[in-house]
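The values are calculated or read from the model by the stated rules, or taken from the named source; none is laboratory data. All of these numbers come straight from a predicted model, not from anything done at the bench. For the accessible areas, the whole protein counts, side chains as well, though only heavy atoms, and no ligand, DNA or RNA atoms are used. Shrake-Rupley method; radii C 1.70, N 1.55, O 1.52, S 1.80 Å.
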Amino acid sequence: FESSFGMTDKYSALSNLVSMHGEEVVTQRRDTAVKKFYDDAQGDALVLNKWFTAQAVADTPDVLDRVKVLVDHPDFTLTNPNRFRSLIGAFSMNTAFHSENGEGYEFFRSMVSEIDKLNPQISARMGGALINWKRYSEERGSKMKAELQKLADMKPISNDLFEVVSRGLK
């Protein structure tokens with residue numbers, strides 16, 4: 001990471017480092033790299049989106065907790081669709097999204113319900129991550145379907161999101 005010459009190399013290194021966990025010295029190096037990448041971004045929106053994405057797809061046991069913390073980060077906002085996709089959309093591609101306890105689905109649904117109030121097109125696009133519940137084990141599928149049902153039962157719900165979730169519940 002420290003010897004990378006360009007953004008591509010630096011991002012590639014960051015993508016690997018964010019998945020490091022274990023001993024304190026390892027997590028300190030990871031956290032230092034995450035902070036340096038953020039600082040080097042100097043507020044550049046595209047680079048910050050990459051920063052959020054790298055952390056959302058990290059392969060660590062605490063990734064959901066880390067994503068929840070990032071939702072409260074000053075540079076995260078629901079009013080920026082690209083920022084929402086870079087964190088929440090990226091998390092939906094992480095294996096932690098499909099954790100057996102269903103917490104990934106529950107968190108995702110709560111974020112989709114929040115964005116639906118501001119941007120129905122994004123909520124409909126993101127809601128699509130839950131509609132393939134039939135492809136998963138009965139246990140995971142039922143949890144995904146339950147979160148879809150909670151979305152469908154929201155009052156109010158946008159027409160865009162309602163169309164996606166009602167199709168997914170069939």
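Treating the angle as unsigned and between 0 and 90°, give the value, to the nearest 10°, between the Cα long axis of helix 24-41 and the longest Cα principal axis of the chain. Helix 24-41 sits at roughly 80 degrees to that axis. Per residue, the chain reaches -18000 deg cm²/dmol at 222 nm when only DSSP H runs of four or more residues are counted, each adding -39500 (n - 2.57). Taking the C-alpha atoms only, the angle from helix 138-152 to the longest principal axis of the chain is near 70 degrees. Counting Cα-Cα pairs of the chain in 10 Å increments starting at 0 gives whole-percent bin shares of 10, 37, 32, 17, 5, 0. Seen against the Cα atoms of the chain and their longest principal axis, helix 45-56 is set at about 80 degrees.
Ranking of TRP51, TRP133 by solvent-accessible surface, largest first: TRP133, TRP51 (1.4 Å probe, protein heavy atoms only, all chains present). Taking the accessible area of region 1-102, probe 1.4 Å, and keeping the other protein chains in place, the carbon and sulfur fraction comes to 52%.
Check region 1-146 and count each lysine pair with an alpha-carbon distance under 28 angstrom, considering only pairs eight or more places apart or from different chains. Here the count comes out as 19.
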